[in-house]
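The values are calculated or read from the model by the stated rules, or taken from the named source; none is laboratory data. Computed from a predicted model, the values in this text were never measured in an experiment. Note that we place each Cβ from the backbone using ideal geometry, even for glycine, and neighbour counts take in every protein chain shown. Quick note on the areas: whole protein, heavy atoms, side chains included, nothing else; ligands and nucleic acids left out. Shrake-Rupley method; radii C 1.70, N 1.55, O 1.52, S 1.80 Å.
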Amino acid sequence: MDAPDSLIEKTIEVNTMTHFWTYKAFLPAMTVNNHDHLVSVASTAGLIGVNGLADYCASKFAAIGFAESVALELLATGKDGVKTTIVCPHFMNTGMFDGCNSK
């Protein structure tokens with residue numbers, strides 16, 4: 001509740017919407033060739049909620065859900081030559097996560 005609206009919007013734009021724009025740019029050629037590999041970088045914060053990071057976690061949950069859905073759509077349409085990977089690193093020591101704890 002303390003985050004400014006502009007920061008929440010930026011978090012969603014960077015962590016979620018960039019996946020849409022990247023997939024839209026590259027996926028059409030990949031599906032025509034039925035070959036290549038999409039790699040989405042999300043976070044363990046997209047797998048579990050973290051105190052103090054609601055907007056960040058929500059943006060990463062969305063990125064994971066999007067990537068999983070596209071992977072299933074590729075399989076359902078017979079595009080099994082387009083591989084997908086979702087990378088979920090843990091918190092990095094960058095200062096961004098100061099004060100956040102996980103067990």
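Being modelled with pLDDT under 95 and among the polar types (S, T, N, Q) is the filter here, so list the residues in the range 45-103 that pass it. Correct list: N51, N93, T94, N101, S102.
Go through (1) part of a helix (DSSP H, G or I); (2) of a type outside the set (S, T, Y); (3) open to solvent by 50 Å² or more (accessible area, probe 1.4 Å); (4) in contact with a Lys or Arg (Cβ under 7 Å, 6 or more places away or on another chain) for H37 and report which single condition fails. Tallying (1) part of a helix (DSSP H, G or I); (2) of a type outside the set (S, T, Y); (3) open to solvent by 50 Å² or more (accessible area, probe 1.4 Å); (4) in contact with a Lys or Arg (Cβ under 7 Å, 6 or more places away or on another chain), H37 fails exactly one: (1). Looking at V50, is it farther than 21 Å from D80 by Cβ, aliphatic (A, V, I, L, M), in contact (Cβ under 8 Å) with a residue 12 or more places away in the chain and surrounded by fewer than 15 Cβ atoms within 10 Å (Cβ to Cβ)? In short, no.
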